[in-house]
Amino acid sequence: LGDVYKRQHVKGRLSEEHAAHVRNLCGMANNLNQLARRANVGGFYGERDDCKVAVARIHELLNKIGI
């Protein structure tokens, strides 16, 4: 049992900057979900450009976070 406690690591809280990035990412994921729903109803071509922009923003934010 003692070995189990030695392997555990304490993680600090997210910095304000990282917390803001996570909130932004959640909002972007929600927007992408909405775009996917609209694309399923009306066809992808009408939503194609918006989807590309959303994916590019998510990719950029993931790079900032370091994921």
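The values are calculated or read from the model by the stated rules, or taken from the named source; none is laboratory data. The shown structure was predicted, so the numbers you read here are calculated from the model rather than taken from an experiment. Every residue, glycine among them, receives a Cβ derived from its backbone with ideal geometry; neighbour counts consider all protein chains shown. Only protein heavy atoms, including side chains, enter the accessible area calculation; ligands, DNA and RNA are left aside. Shrake-Rupley method; radii C 1.70, N 1.55, O 1.52, S 1.80 Å.
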Heavy-atom surface of the chain, accessible at 1.4 Å and reported per residue (Å²): 88 Å²
Angle in degrees between helix 48-65 and the longest Cα principal axis of the chain, rounded to the nearest 10: 20 degrees
Cα→Cβ-extended label distance, 7 Å offset, between Ala36 and Val53, nm: 2.0 nm
Relative contact order %, the chain, counting alpha carbon pairs below 8 Å whose residues are six or more apart: 35 percent
Added length on full extension, which subtracts the Cα-Cα distance from 0.36 nm per residue, Arg23 to Asn63: 12.9 nm
Options His18, Leu35, Gln8, ranked by Cα towards positive dipole end of the chain, top entry (Cβ charges): Gln8
Charge sum, other residues only, whose C-beta stays under 12 Å from Leu25's C-beta, Lys/Arg counted +1 and Asp/Glu -1: +2
Whole-percent carbon and sulfur share, accessible surface of the chain, 1.4 Å: 54 percent
